[in-house]
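Below is one structure, written out as structure tokens, with a few remarks after it.
FYI, it's all coordinate maths here, none of it is from the lab. As the structure is a computational prediction, the values presented were derived from the model and not from experiment. In this analysis, Cβ positions are derived from the backbone assuming ideal geometry, glycine residues included, and neighbour counts consider all displayed protein chains.
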Amino acid sequence: MEAHRPPGFRHRGGGLGRALAVAVLLIPLILFVRTGSQVQVFDALWLAVIAAFMWSGATQSLRASRVRERLPALQARVLARRAIPVPSSLPLAEAIRRADAAQARALVIVDHEDRPIAIVSEAAVMATPVQRRPWVDAGSLARTLDPGLVLSADLSGMALVEAVRRSPATEYLLVEPSGQVFGVLAAADLDHAFAGV
């Protein structure tokens, strides 16, 4: 039912929850000012605990609302990095040169029939010293493409988040409905988009 409520309603609800938490926390002070009666320490502590729970719940509600608002913007096609196919035996330095020339940010290892079989790890590339790159095969820094690492380029929103959750990895191969390679989705790019960075 909450999914049908407008975002402003959810924001107002979270703000109201926080306001109520502050009001509950101020009850002992209000009672003292209006009536001059002392509030027991236990009662004041109990009200503080209730206010803390209310504040926490309201904060979670606001956070969940922000997440729901960002979900439609999470589109695999938009977040994809351009990728180029390279053979496993190609020296890393040459693979990087080809990627730079093609203005690509990802490397996909292909077999002798040009079928994708692995994705080169960006972290492993960055960890390889420049002077060693001519002597390291690109395939030695790649992760084999398990079925969970191949995603549809059409995925978006919660479907994209769920697909990534099912198979945690640093990179995913994005393919068209025809099976043609579209690009590579980096988990870091998805995290940044999800966080609103």
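Maximal additional length on extending the Arg143-Ala123 stretch stands at 6.1 nm, based on 0.36 nm per residue less the C-alpha distance. Placing dummy labels 7 Å off each Cα toward the beta-carbon, the span from Val161 to Val78 is 1.5 nm.
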